[in-house]
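Take a look at the structure set out below.
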């Protein structure tokens, strides 16, 4: 679940960037950092290895800055646990698209 989606640096980045989640691999929680150089609609989504959407972490217009969002697997799926496997997260903002892998271990 999205515990926080906070701006961590108001300095205007020069370009979009999606960082590797930390920690990775992880058991319950991980943080994902991304940069937005101008005001635009931002989508940050987590998918399983089959391409099925697990959760949309961000779906809103963002001002320029560097942001951090937490992905908590326990709060996301209280009724069913996410399996130990590789998942993907994708940032789409403006014309920018980037996808990275993350590993859940139990």
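The values are calculated or read from the model by the stated rules, or taken from the named source; none is laboratory data. Given the structure is predicted, the values throughout are model-derived calculations rather than measurements. For neighbour counting, all protein chains shown are included, and Cβ atoms are generated from backbone atoms with ideal geometry for every residue, glycine included.
Brief remarks on what is shown
- Single condition residue 98 does not satisfy, out of (1) buried (at least 18 other Cβ atoms within 10 Å of the Cβ); (2) in contact (Cβ under 8 Å) with a residue 40 or more places away in the chain; (3) out of contact with any helix residue (DSSP H, G or I) (no Cβ under 8 Å at 6 or more places or on another chain): (1)
- Some residue of the stretch 7-29 being under 11 Å from the mean Cα position of the chain (by Cα) and modelled with pLDDT under 95: no
- Output for the stretch 33-72, where each listed residue is surrounded by 15 or more Cβ atoms within 10 Å (Cβ to Cβ), free of Cβ contacts under 8 Å to residues at least 60 places away in the same chain and within 12 Å of the chain's Cα centre (by Cα): 33, 34, 35, 42, 44, 45, 46, 47, 54, 55, 57, 58
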